[in-house]
1. Please compute the volume of the convex hull spanned by the alpha-carbon atoms of region 136-245 and report it per residue in Å³.
2. What FRET efficiency, computed as 1/(1 + (r/R0)^6) with R0 = 22 Å and r the Cβ-Cβ distance, is obtained for Tyr228 and Ser40, rounded to the nearest 0.05?
3. Using the Karplus equation 6.51 cos²θ - 1.76 cosθ + 1.60 (θ = phi - 60°), what ³J(HN,Hα) coupling, rounded to whole Hz, does each residue of region 143-156 give in order, writing x for Gly and Pro?
4. If you roll a 1.4 Å probe over the chain with all protein chains in place, what percent of the accessible area is carbon or sulfur?
5. Report the full-extension gain for the segment Gln355 to Glu319: residue separation times 0.36 nm, less the Cα-Cα distance, to one decimal in nm.
6. Per-residue HN-Hα couplings for region 92-107, Karplus 6.51 cos²θ - 1.76 cosθ + 1.60 at θ = phi - 60°, whole Hz, x for Gly and Pro?
7. So between Arg129 and Asn329, what do we pick up on full extension, going 0.36 nm a residue minus the alpha carbon distance?
8. Which residues does the label zone of Glu32 cover in region 253-287, counting backbone N under 19 Å from a point 7 Å along Cα→Cβ?
Amino acid sequence: MTDETPAIRGGEPVRTEPLGYGGQSIGEREKEAVVEALESDYITRGPRVDEFEETVAEFVGVEHAVATTSGTTALQLAGRAAGFGAGDEVITTPLTFVASAYPACHTGADPVLADIDPELRTLDPDAVRDAITDDTKGLVPMHYGGHPCDIDALLDVADEHDLTVIWDASHAFGTRVEGRPVGAERDMAVFSFHPVKNITTGEGGMVVTDDDALAGRLRSLRSFDMDYEPDGHEDEPWYQVATGLGYNYNVTDMQAALGVVQVDRLEEFKRRRQEITARYDEAFEEIPGLRTPVVREDVDPMLHLYAVEIGEAFGCSREEFVDAMHEENVYVQVHYVPLHYHPFFQEEYGYERGQFPETETVYERLVSLPLFPGMDDGDVDDVVRAVTRLHRHYR
C-alpha cells in the first residue's frame, strides 16, 4: 500500500521536481517568429506591433487595441486617458494586485475600495453604490482569476453616475460571457501578457476600446505624448514636440511577434486549462471544506487562476495547507494580499484592516493551485494527490 502520509509529516513528497502555480508555453512557432522579427528592419514600433494590435482588436471585437509594456502600464495609461486627476475618486476592489489601483494613484486621484461579492470574488455592485460620492469619476472592476465580475450590474451603476469604466481583465483574456469575449464593454479594458497569464509576450499588456478619442490619447501617452507632425512645420520632418508628460511604454516587434502566435494558440491553451480545471472540479467535489471556483452558466471561462478556499471542515488552516503543499513540491500561491493590508495604501490613503469583511474572510482561506497549459496529466494527478492526502491526514 502506498504511504499517504503528507511530506510535512514525514512521508515521501508526491513529486521530486517543483511544480509552480503558473508558467508560459513557448513552441517552435513562437521562436521562429521572434527570430524573424530580430532579422527584420524593425525591432520596435514596427509592423509586427501593428499586426499584434489588429489581431487582439479583432479577437475581442473592438475598434482599437494599444499595446504597452505590461498590464500595469496599460492600467496607468488608461487612467491618464480617462482624465482622472487630483480630487477625483476611482473605485476598485481590495482583492486584487496593486496595479488595479494605479489608474487612480498615478493620476493623483484617490483609490476608493469597495467590498467584494464573496461568491465571484469580484466587486459587489451594491458596495460600489455605497462608495460613490460627488467626487467619484471612475470604476476599475477586476475579473478575478479569469471569471468575469457582474458586468451588467456594474455597467448599470456606471451609467447611473456617469463613471468611466476601466475593466481590469488582466486575468481574463479568452473568457466569454454569453458568447462575447470579455473586454468589449465600454470604456476601456486592460489585458496582461505576463508569462503566467493566458497568453504571454514575456512582459506586455494591452488596452482595448471602441472610443477613437481614448485610443488616440492612449497612443500619444504611450510614446512620450509627442506630436510628430505639428501644424506649420510640414517642411521640417525633424520638428517633433512634446505636448505633455508622456511615457515610453512602446513594445518591441519581438514581443509582438510572440504575441501574434500566442493569440493563434489561444484555443489550444483554453482547452487545456479547461481540461485541468474539470479534473480538479471532479477530484475535489466531495472534499468538505474545499471551495472550488464558481463558474456561472453564461460564462465560458479561460481561468488564469484555480483558487480554492480552505475552510474549517478541511481540517487545517490555509497557512498549514500552503506549507504542506510546498513540502510536496507543489508550489501554490495566494492571490492576493488585500490592498488595504499594504503599508502604502494604509499610509497614503488611511486604510485599515477590518474595513472590508467579505474580502478579508475570502482572503484568509484563499490558495491558488497550479494551472497552466504546460501541465501534463501526471502533474495534475500530483496536485490532486497532494491535496487529498493532506485532507485525509487532517480529517
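1. Here the figure is 142 Å³ per residue.
2. About 0.50, to the nearest 0.05.
3. For region 143-156, the Karplus-derived couplings read 7, 4, x, x, 8, x, 6, 6, 4, 4, 5, 6, 5, 4 Hz, x marking Gly and Pro.
4. Answer for the chain is 45 percent, counting heavy atoms of protein chains only.
5. In short, 10.7 nm is gained.
6. 9, 8, x, 8, 6, 6, 4, 5, 4, 8, 5, x, 8, 4, 7, 10
7. Between Arg129 and Asn329, full extension yields 67.6 nm more.
8. So the set is 254-269.
The values are calculated or read from the model by the stated rules, or taken from the named source; none is laboratory data. From a predicted model like this one, the values you see are computed outputs, not experimental measurements. Every residue, glycine among them, receives a Cβ derived from its backbone with ideal geometry; neighbour counts consider all protein chains shown. Remember, those area values only see protein heavy atoms, side chains included, never the ligands or the DNA or RNA. Shrake-Rupley method; radii C 1.70, N 1.55, O 1.52, S 1.80 Å.
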